[in-house]
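Reviewing the structure listed below.
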Amino acid sequence: MTIAILVDTHIVLWARITPEKLSPEERGALGAAQLRFISAATLWEIAILMTLGRVGSNERLLHPPYGFDLLPVRPEHCRALLALPRLHRDPFDRMLIAQARSEELGLLTRDKAIMEYGPHGALIISRRD
């Protein structure tokens, strides 16, 4: 069991907008974690998705969900980002990996690009397809 997790943007959005998209494993990971974090980078990404019309413009999405702590972007996260291999270019995904590594958090995601980092990335908590 992972005690503390960082949650990827799509998981946060599904949990808040379409919870039926969450797998039993994802629900279990969210329920079992003693600490749940949402990155400030995730809130930034959600704001961008709102301006692009890809998610609704409900401002409650820009607040950490109940039971989640906000994880700010810190200098050590930026340093960890420099050490990541350049496997893909999504800056939000890369920051989440760096934050999870720096803070020793599990990263709850279904993003295959994040999973490609393997041992160079974070401890991935995912639904097994």
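Judged by the gyration tensor of its Cα atoms, with axes a ≥ b ≥ c, region 52-94 is oblate; a/c meets the 1.5 cut and b/c is at least as large as a/b.
Taking a ≥ b ≥ c as the square roots of the eigenvalues of the alpha carbon gyration tensor, region 3-74 is oblate, as a/c is not under 1.5 and a/b does not beat b/c. For the chain, a Gaussian network of Cα nodes joined below 10 Å ranks Thr51, Thr109, Thr42 by mean-square fluctuation, and the top entry is Thr51. A DSSP coil position with no more than 16 other Cβ atoms inside 10 Å describes the following chymotrypsin sites (Phe, Trp or Tyr not before Pro) in region 1-76: Tyr66. Heavy-atom surface analysis with a 1.4 Å probe gives the chain a carbon and sulfur content of 57 percent of its accessible area.
Using a cutoff of 8 angstrom between alpha carbon atoms and counting only pairs six or more residues apart, the relative contact order for the chain works out to 30 percent. Relative to the compact-globule estimate of 2.2 N^0.38 Å, the Cα radius of gyration of the chain comes out at 0.99.
Entry comment: accessible area of the chain is 56 Å² per residue, from protein heavy atoms only and a probe of 1.4 Å. If amide H atoms are built 1.01 Å from N in the plane of the peptide, which residues on other chains or at least 5 residues away come under 5 Å of the amide H of Phe37? Long-range HN contacts for Phe37: Ile5, Leu6, Val7, Asp69. Where only DSSP H runs of four or more residues are counted, the chain gives -12500 deg cm²/dmol as its mean residue ellipticity at 222 nm, each run worth -39500 (n - 2.57).
The values are calculated or read from the model by the stated rules, or taken from the named source; none is laboratory data. In this text, all values refer to a predicted model and were calculated from it rather than measured experimentally. Every residue, glycine among them, receives a Cβ derived from its backbone with ideal geometry; neighbour counts consider all protein chains shown. Note: areas computed on protein heavy atoms with side chains; ligands, DNA, RNA excluded. Shrake-Rupley method; radii C 1.70, N 1.55, O 1.52, S 1.80 Å.
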